[in-house]
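Some notes on the structure that comes next.
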Amino acid sequence: MSTDPAEALATDEALTRERLAGLRREHEQIVDSADGATDDEHDPEGTTAYDRARTAALIEAASTHLAEIAAARARLETGAYGTCEVCGKPIPAERLEARPTARTCVGCPAR
Ligand SMILES: [Zn+2]
């Protein structure tokens with residue numbers, strides 16, 4: 001079974017955009033509730049600060065992933081896709097299926 005990389009990237013991008021939209025909403029709600037609410041007296045900022053940092057980190061990770069997908073698309077166009085950037089060997093199809101944005105083979109450190 002082999003997946004078309006362009007299709008895999010499109011699916012990945014759609015899912016990531018969806019996740020990003022959800023995270024942004026969640027983040028806004030947390031920020032909003034932090035502005036107005038002082039009802040959680042036992043935990044003045046702990047949980048909210050933690051949640052805010054958590055969603056911010058997830059948003060950042062999703063944004064980074066979108067950039068990786070765009071870069072993988074560019075490599076598809078130039079024909080560099082599927083070639084390890086470190087050793088120049090083909091990246092195994094299973095790895096690309098599991099991680100369509102992979103830039104290196106399993107043996108080489110990811111950059
Ligand atoms: Zn390699």
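The values are calculated or read from the model by the stated rules, or taken from the named source; none is laboratory data. Small disclaimer: the values here were computed from a predicted structure and weren't measured. Positions of Cβ are generated from backbone atoms using ideal geometry, with glycine treated the same way; all protein chains shown enter the neighbour counts. Only protein heavy atoms, including side chains, enter the accessible area calculation; ligands, DNA and RNA are left aside. Shrake-Rupley method; radii C 1.70, N 1.55, O 1.52, S 1.80 Å.
For the chain, restrict the atom set to alpha-carbon positions and state the Rg and Dmax in Å.
19.0, 58
Could you tell me the center-to-center distance, by alpha carbons, between the range 43-96 and the range 2-30 in angstrom?
11
Would you mind getting the accessible area per residue of the chain, heavy atoms of the protein chains only, 1.4 Å probe, in Å²?
Details: 7380 Å² over 111 residues.
I get 66 Å² per residue for this part.
Can you give the angle from 0 to 90° between the axis of helix 46-78 and the longest principal axis of the chain, with both taken from C-alpha atoms, to the nearest 10?
Tilt of helix 46-78: around 20 degrees.
What is the calculated FRET efficiency for E18 to Y50, with r their C-beta to C-beta distance and R₀ = 22 Å, to the nearest 0.05? If you can, show how the numbers build up before the last one.
Numbers: r = 24 Å, r/R0 = 1.09.
After rounding to 0.05, the efficiency reads 0.35.
Expressed as an acute angle from 0 to 90° and rounded to the nearest 10, what is the orientation of the C-alpha long axis of helix 5-36 relative to the principal long axis of the chain?
10
Any idea what the dipole of the chain comes to, in debye rounded to 20, about its Cα centre with Lys/Arg Cβ at +1 and Asp/Glu Cβ at -1? Walk me through the intermediate numbers first.
Details: 13 positive and 21 negative charges, 197 e Å.
Using only the charged Cβ atoms, the result is roughly 940 debye.
In terms of modelled amide H atoms, which long-range or inter-chain residues lie less than 5 Å from the amide H of T83?
Sorted by chain and number, the residues that satisfy this are I91.
Once you have the Cα-Cα distance between V106 and A10, take 0.36 nm times their residue separation minus that, and quote the gain in nm to one decimal. Walk me through the numbers before you get to the answer.
Values: separation 96, 0.36 × 96 = 34.56 nm, distance 2.30 nm.
Contour length minus the Cα-Cα distance gives 32.3 nm.
What percentage of the solvent-accessible surface of the chain, computed with a 1.4 Å probe over protein heavy atoms, is contributed by carbon and sulfur atoms?
Values: 3950 of 7380 Å².
Heavy-atom surface of the chain belonging to carbon and sulfur, 1.4 Å probe: 54 percent.
If you average the sequence gap of Cα pairs under 8 Å that are 6 or more apart and divide by the length of the chain, what percent do you get for the contact order? List each step's numbers first, then the result.
Working: 93 pairs, mean separation 32.5, N = 111.
Here the relative contact order equals 29 percent.
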